[in-house]
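Participant: Take this structure, written in structure tokens, and hold onto it; I'll ask about it next.
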Number of protein chains: 2
Amino acid sequence: MATDCLFCRIVAGDLPCSEVASSENTLAFRDINPAMPTHVLVVPKVHVPDASHLRAEHAEMLAELFETARQVAGQEDLADRGYRLVFNVGADSGNTIGHLHLHVLGGRTMGWPPG
Amino acid sequence: MATDCLFCRIVAGDLPCSEVASSENTLAFRDINPAMPTHVLVVPKVHVPDASHLRAEHAEMLAELFETARQVAGQEDLADRGYRLVFNVGADSGNTIGHLHLHVLGGRTMGWPPG
């Protein structure tokens, strides 16, 4: 755990969040600045800086992250209508938090390009 | 392999693509309608319909998909400036191809929300 990491502190329970789902190695909570009607972040409980740091050793965690995302989509009634899953890496993407987080976005028709 | 699947046919070599990278279980090629200066799709060679079908059994393939995405980002000079990784699921997201594909997008500053 990185004690200066906002999402590590949320995972540890030191900071509050609006929890939506969780599993052994992941936590899902609402984005505090929702960009769409549904906007949930799914994070690994272990500290991984961003998607460029994913390696073979993260395989099981990564699969679990997507299982939690699927659960979130079901709970939010997005399974039938669809949703978008986004990882941002680095400045051009606008990423500001140095702990891997998968954006689960939906609740309206989305445009293309994605940003 | 689903013989009526466009991306299975690309993986099999039955249809051409502009290949960017590959690994044992993944293939990366340029989107034929690029939405940004860099727009590459990374697909598993095995047929998985979309991200809502990912399960624990796909863990290693999924990690490999992100390793290939990282390789693509390096080749496209996006590692330092950043990039966005997107999975679309269902109608609201605009998904039109029923074979899992990770969009690797970059080469300009991106806005938010992502579509």
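Participant: Quick check: anything in segment A:8-19 surrounded by fewer than 21 Cβ atoms within 10 Å (Cβ to Cβ) and closer than 26 Å to B:Ala69 by Cα?
Facilitator: Checking segment A:8-19: at least one residue is surrounded by fewer than 21 Cβ atoms within 10 Å (Cβ to Cβ) and closer than 26 Å to B:Ala69 by Cα.
Participant: Has segment A:60-79 got at least one residue that is among the β-branched types (Val, Ile, Thr) and farther than 21 Å from B:Thr109 by Cβ?
Facilitator: Looking for residues that are among the β-branched types (Val, Ile, Thr) and farther than 21 Å from B:Thr109 by Cβ, one finds at least one in segment A:60-79, hence yes.
Participant: Can you name the residue in segment A:86-115 that is farther than 15 Å from A:Asp50 by Cβ and buried (at least 16 other Cβ atoms within 10 Å of the Cβ) and is also farthest from the other protein chains (Cβ to nearest Cβ) among such residues?
Facilitator: Looking at the filtered set, the residue picked out is A:Val104.
Participant: Taking the criterion of being of a type in the set (Lys, Arg), assigned to a helix (DSSP H, G or I) and out of contact with any Gly (no Cβ under 6 Å at 6 or more places or on another chain), would at least one residue in segment A:7-28 satisfy it?
Facilitator: Yes, segment A:7-28 contains at least one residue that is of a type in the set (Lys, Arg), assigned to a helix (DSSP H, G or I) and out of contact with any Gly (no Cβ under 6 Å at 6 or more places or on another chain).
Participant: Hey, another quick one. Which condition from (1) more than 19 Å from B:Glu60 (Cα to Cα); (2) over 12 Å from the mean Cα position of the chain (by Cα); (3) of a type in the set (A, V, I, L, M) is the one that A:Leu41 breaks?
Facilitator: Unmet condition: (2).
Participant: Within segment A:26-82, which residues are in contact (Cβ under 8 Å) with a residue 60 or more places away in the chain, of a type in the set (A, V, I, L, M) and within 18 Å of A:Gly98 (Cβ to Cβ)?
Facilitator: A:Leu41, A:Val42 - these are the residues of segment A:26-82 that are in contact (Cβ under 8 Å) with a residue 60 or more places away in the chain, of a type in the set (A, V, I, L, M) and within 18 Å of A:Gly98 (Cβ to Cβ).
Participant: Sticking with this one: Evaluate segment A:57-72: report whether one residue or more is touching a Pro at 6+ places or on another chain (Cβ under 7 Å) and either under 11 Å from B:Ser52 (Cα atoms) or at the interface with another protein chain (Cβ under 7 Å from one of its Cβ atoms) (or both).
Facilitator: Scanning segment A:57-72 turns up no residue that is touching a Pro at 6+ places or on another chain (Cβ under 7 Å) and either under 11 Å from B:Ser52 (Cα atoms) or at the interface with another protein chain (Cβ under 7 Å from one of its Cβ atoms) (or both).
Every number in this text was worked out from the coordinates using simple rules, so none of it is lab data. None of the values given here were measured: they were computed from a predicted structure. Cβ coordinates were reconstructed from backbone atoms using ideal geometry, including for glycine residues, and neighbour counts include every protein chain displayed.
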